[in-house]
Amino acid sequence: MISRRRFPRLLRIRSGSSFARIYRDGMRARGEAMIVVGAPNGLGHPRLGLSVGKRIWKSAVKRNRVRRVFREAFRLSAAELPHLDLVMIPAVPKLRPETPAVCAELLRLAHRVEAKLDRMERERSADSELPARPGRRTH
């Protein structure tokens, strides 16, 4: 069982290859405070990755504050999130996030990403069910 007060390793996205897969195969949803990129993970729980750039915040203290708020929002709402790999990226420069607002936005954006992935999967399966079109004749 996952402790409610911690952010265990199994809920973290750590490897560069996992981040690359999510960016390549995932869908995006943009909100006021953040961008969420999500991809299926095949696990029974969501996982979180953070991407907080040095270009916007020169101060490590400010970058780490954003990371802490994002992590806490994920921890508080993990039970309600879809089972996806999620990468959270600040959407605006010099963001000063508040945990309750980030929690609500994370839930909304994660479910929007899930809906986009479901729609893409339905379209992909519908395309595979269509018969192949006969080739054109050339004279």
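Some points to look at:
- A simple packing score, the average count of other Cβ atoms within 10 Å per residue, orders the peptides 84-92, 70-78 as 84-92, 70-78, with the highest score first.
- Between the Cα long axis of helix 99-129 and the first principal axis of the chain there is an angle of about 10°, rounded to the nearest 10.
- Note that region 67-84 has calculated 3J(HN,Hα) couplings of 4, 4, 5, 4, 4, 5, 4, 5, 4, 5, 10, 4, 5, 9, 7, x, 7, 10 Hz, one per residue in order, obtained from phi through the Karplus relation 6.51 cos²θ - 1.76 cosθ + 1.60 (θ = phi - 60°); glycine and proline are x.
- Whole-Hz couplings from phi, Karplus 6.51/-1.76/1.60, listed for region 33-39; x for Gly and Pro: 9, 8, 10, 10, 10, x, 9
- Scanning residues 5 or more positions from residue 85 or on other chains, those with amide H under 5 Å from its amide H are 39, 41, 47, with H placed 1.01 Å from N in the peptide plane.
- Built amide H within the under 5 Å cut-off of residue 35, gap 5+: 89, 91
- Estimated from helices alone, the mean residue ellipticity of the chain at 222 nm is -14500 deg cm²/dmol (sum of -39500 (n - 2.57) over DSSP H runs with n ≥ 4, per residue).
- Taking Cα atoms only, the orientation of helix 16-25 departs from the longest principal axis of the chain by about 50 degrees.
Throughout, read-outs are computed from the coordinates displayed, never taken from laboratory work. Worth saying up front: this structure is predicted, and the values here are computed from it rather than measured. Cβ sites come from the backbone with ideal geometry, for glycine too, and all protein chains shown count toward neighbours.
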